[in-house]
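Undergrad: My questions will all concern the structure given below.
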Amino acid sequence: MLSKTIESALNKQIRIEAESSQVYLAMAVWAEVKGLEGISNFMYDQSDEEREHMLKLVKFVNERGGHARVSELNAPNVTFKSFKEMFEKLLDHEIVVSESINELVHISLQEKDYATHNFLQWYVAEQIEEEATARTILDKVNMIGDDKGGLYLFDRDIQQLTVNSAAQTPTA
Ligand code: OFO
C-alpha cells in the first residue's frame, strides 16, 4: 500500500510525464510544419514514449492501492526560433525530468518504500539514456550551425536514431 506522501509524489510525476508527451508533440508538429519529416517522426516517437512512461506510473499507483490522478496540464511551447533552440529545450526539459525522478527516489527512501524505490530504477536508467541522446543530438546540431545541406542530412540521419532506439525497446 502506498503512503499518501508517495502517492502524491507519484501523481506529480504522472503529470510531468504527460506534460513531457505534450512538449514533444508540440516539437513534432513544429518540425512537420517546417518540412523536416525525420525530426518530426523522432519527436512523435518521443511523445509516444513519454505517454508510455506516464501509463506505467498510472498502473503502478493503482496496483498498489492508490488512485492515479489525471490532471490538467501546462501548455508547452509551440514555436521555436530555430531547430537549435528546440533541441536545447529538449535537453533542458530532460534535465528537469531527471531532477524530478531523483527527488522521487529520495522520497521513496525517506518513506522506506522499497517497492517504489525498485520500480523507479527503470526511470533512473531511462533518464540517463534520454539525456545522452539529447546531448548527442545537440552536439550534431551545433556542428551543423546554419548549413541547410547539413540540416537536410541530419533530418535523414535522425530517422536512423529513431530506428535504433525503437529497436532497443523490446529488450529494455
Ligand atoms: Fe519520461 O522520459 Fe524523458 O522525460
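Undergrad: In deg cm²/dmol, rounded to 500, what helix-only [θ] at 222 nm does the chain give when every DSSP H run of at least 4 residues adds -39500 (n - 2.57) and the total is split over its residues?
TA: Estimated from H runs of four or more residues: -28500 deg cm²/dmol.
Undergrad: Report, as a whole number in µm² per second, the diffusion coefficient that Stokes-Einstein gives for segment 17-56 at 25 °C and 0.890 mPa s using the Kirkwood radius over alpha carbon pairs.
TA: 254
Undergrad: Below 24 Å, Cα to Cα, which lysines can Lys56 reach? Residues fewer than 8 away in the same chain don't count.
TA: The reachable lysines, counting only those whose Cα sits under 24 Å from Lys56, are Lys4, Lys12, Lys112.
Undergrad: Can you give the alpha-carbon Rg of the chain over 2.2 N^0.38 Å, where N counts its residues?
TA: Working: Rg = 17.2 Å, N = 172, 2.2 N^0.38 = 15.6 Å.
In units of the globular-protein estimate, the chain measures up at 1.10.
Undergrad: Would you mind ranking Lys4, Lys56 so that the residue whose beta carbon has the fewest other beta carbons within 10 Å leads the list?
TA: The order, fewest Cβ neighbours first, is Lys4, Lys56.
Undergrad: Please compute the contact order of segment 4-160 in relative form: average sequence separation of alpha-carbon pairs under 8 Å and at least six residues apart, divided by the residue count, as a percent.
TA: Worked out over segment 4-160, it gives 29 percent.
No lab work stands behind these numbers, since they all come straight from the coordinates. Computed from a prediction, not measured in an experiment: that's the story for all the values here. Ideal geometry is used to build each Cβ from the backbone, glycine not excepted, and the neighbour counts take in all protein chains shown.
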